Every structure is written in C-alpha cells, then in structure tokens.
Amino acid sequence: MTDRQILVSVKRLKKYFPITRGILIQREVGSVKAVDDVSFDIYEGETLGLVGESGCGKTTCGRTLMQLYRPTGGEVWFDGVDLTKTKGQNLRQMRKKMQMIFQDPYASLNPRWTIARIVGESLRVHKIITGKKAQDDRIKQLLELVQLNPSQLNRYPHEFSGGQRQRIGVARALASNPDFIVCDEPISALDVSIQAQVVNLLEDLQDKVGLTYLFIAHDLSMVRHICDRVAVMYLGVIVESGQRDELYDHPLHPYTKALLSAVPIPDPRATRARHRIILEGDVPSPANPPKGCRFHPRCPIAGEECKVIVPEWREVASEHWVACHKV
C-alpha cells in the first residue's frame, strides 16, 4: 500500500457533543467524546473497514469525516484539501467528490420524491448536467448501473423493497461521479440474501468506476470479504489496524480477539474447538471514559499500568498497528 497515493488522511480527529443543563439558561456541564483523537489513512482504490460495537463512534467518525458534523478538533485531508478549514461554496464543490450511503434505506430517501428526483438531485445542485432530457438519460444510466429497471424512475420509495431502496441510495451517491464513498453499515438493515447482492454490487462498482470506500460495519465476516484493511474502534478510539488477513489471522489487541471469537463459523467442530472470549461488564460511558486504556475495565489481561497510562500507538509488524501495553 505504501506505493499508492493517499486519498483521505484523518489526523487526530475529535468530535465531542456537549451535555447541557438548565431550562432558560443552558450551560455546558460535560461532553460526550464520541470520537477522540482518531487517525488513519485511506489509499486510492482501496476499501478500509471500520468495525466495533454499537455506540463506539463509527458512524460519528464517518459523518465527521464527511463534514456532516463539524469536528471539535483535528484535520481531515481529502485530495490535498483540509476539509475542516473549508466552508461554503468551496466545501460544496468538494462534496461532488465524496458521497455517503446511509444505513437505513427507509429513512434516507424522501418519501415525497420520485426516484428520478432523488437520484438526480446532485445533478441539479452541482449543475453537473443541464437540461431535463440529459438529466433523465443520466438517471437511467445510474439505475442500470445498480441493476434497477430505468422504467421505474417515476415511482416512489415505498414501492420498492429494502434491497432496491439501498440500490437507489447507491445510485444517488454515484450521481456526482465521486472518488470516495463512506458506506455507513449499508447492509445491516437488509435481509441476509440481499446483503450479498449489495456487497457484490459495491465491489463491481469499485472495479468499474475506481471508487475508494470507508466501509463502516459490525459484521466482521462481511468486512473480511470486502475490505483491504481493517481498523478496530472502541469507545471513540482506534485500538488496532492492519491488513485484512493479517489482522484476522493474527489479532493482537484483547478487544479484537474478543470480537473475532464471536464471529459464527459454519463448521460445528471448529466452533466447539475454538476459545470463546466473553467480555464482562458494560461499555463505559463516552461522557466519562476510563483513564489510561479505555478497554481496561473489561480486559482479561489488564495490569496496573493499563489503568493510568494511555497505551502508545505503535507498529508491531508491517502495517499492523496496535495500542496495548501487553502486546
């Protein structure tokens, strides 16, 4: 990967949501540290998987990267431009190159709009194509690209199934010819039979158009199928990252090992033979994260230093990074 160009570079990204009290006069009494000092790079043409438990900050990280949430701190470099310092018309121009596929195909499409208007909105906003006939032709091309019948462009979202709606969301994301797409758990709300179709579609589009993905998910088996590299997130921070096969075959962080031990295996003998790691306790509140290593209250191998010292982010093998005192 080192000989390939970096398309997205996230440096010490932070996103805190304020906690306020009061009725007439509200005052800030704390903050929810949803994303706290996160750094990673995404290379052109690759898929980076961002995995972790629900509530660990994956979606917030993706939305902050896209500047749907303005960050509390840090930098997001896209195509040589720091998005955190970009506003107004300049940011709108950058949005043509980066799009997002949302998790819920039922909530992310306007029920009052036809498919033609939903998919063609970015064509009109960014003035990519002018003229109704030219726009309709482009919309039909996009629907064919995601394997939908172009004759359905005047229908409404409620007339489609969940898998078809997600394909419409993919077509909408492709309308502005982006270089980078954030896929925010795009298959979690779909049936298992439809999940494989959407993932195969994303892979085919990546080969045809040359897309770069940030794939946010908690389905580790699907992440191994589609991603080139994987970053594991826990309570607002990344605890381990590396090449897909290296991380899955040789996990180092106790949290990564626990996640992988929960992935179902279709072989009953292999399931009985492997060691299942059960984490005790609940995930701490991001409003008051533990000192030191954030995973130490649930870690089976935590020592005294884990309770007070933040582990150093270090490379233990080629492109395999981990933050743990015990590795």
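Miscellaneous remarks
- Kirkwood Rh in Å, taken over the range 91-247 so that all alpha-carbon pairs contribute: 16.4
- Normalised by residue number, the volume inside the convex hull of the Cα atoms of the chain is 168 Å³ per residue.
- Taking 0.36 nm per residue of sequence separation and removing the Cα-Cα distance, the residue 207/residue 192 pair yields an extension gain of 3.1 nm.
- When both bridge partners sit in the chain, DSSP labels roughly 65% of those beta bridges antiparallel.
- Computed about the Cα centre, the dipole magnitude for the chain is approximately 1300 debye when only Lys and Arg (+1) and Asp and Glu (-1) carry charge, each at its Cβ.
- Among 71-83, 12-24, the order from most to least packed when residues are scored by Cβ within 10 Å on average: 71-83, 12-24
- With contacts taken as Cα pairs under 8 Å and at least 6 residues apart, the range 169-225 reaches a relative contact order of 46 percent.
- The fraction of all Cα pairs in the range 7-57 landing in successive 5 Å bins from 0 to the largest distance is 5, 15, 16, 19, 15, 10, 8, 6, 4, 2, 0, given as whole percents.
- Principal semi-axes of the equivalent ellipsoid, √(5λ) from the alpha carbon gyration tensor of the range 52-150, are 28, 19, 11 Å from largest down.
- Residue among 200, 256, 174 farthest towards the positive dipole end of the range 168-286, charges placed on Cβ: 256
- Share of Cα-Cα pairs in the range 233-317 lying beyond 20 Å, as whole percent: 41
- For the range 59-122, the relative contact order works out to 19 percent when only alpha carbon pairs closer than 8 Å and six or more residues apart are counted.
- In this structure, the pairs whose alpha-carbon distance is over 22 Å, taken from 58/326; 85/127; 14/291; 14/85, are 58/326; 85/127.
- MRE, 222 nm, helices only [DSSP H, n ≥ 4, -39500 (n - 2.57), over the chain, to nearest 500]: -9000 deg cm²/dmol
- Computed over the chain, relative contact order equals 19 percent, with contacts defined as Cα pairs under 8 Å that lie 6+ residues apart.
- Taking a straight line from the alpha carbon of residue 87, these lysines sit under 17 Å away, with near neighbours fewer than eight places off in the same chain left out: 96, 97.
Each value in this text was obtained by applying a stated rule to the coordinates, not by laboratory testing. Because the structure is predicted, anything quoted here is derived from the model rather than measured. All Cβ positions, glycine included, derive from the backbone under ideal geometry; neighbour counts span all protein chains shown.
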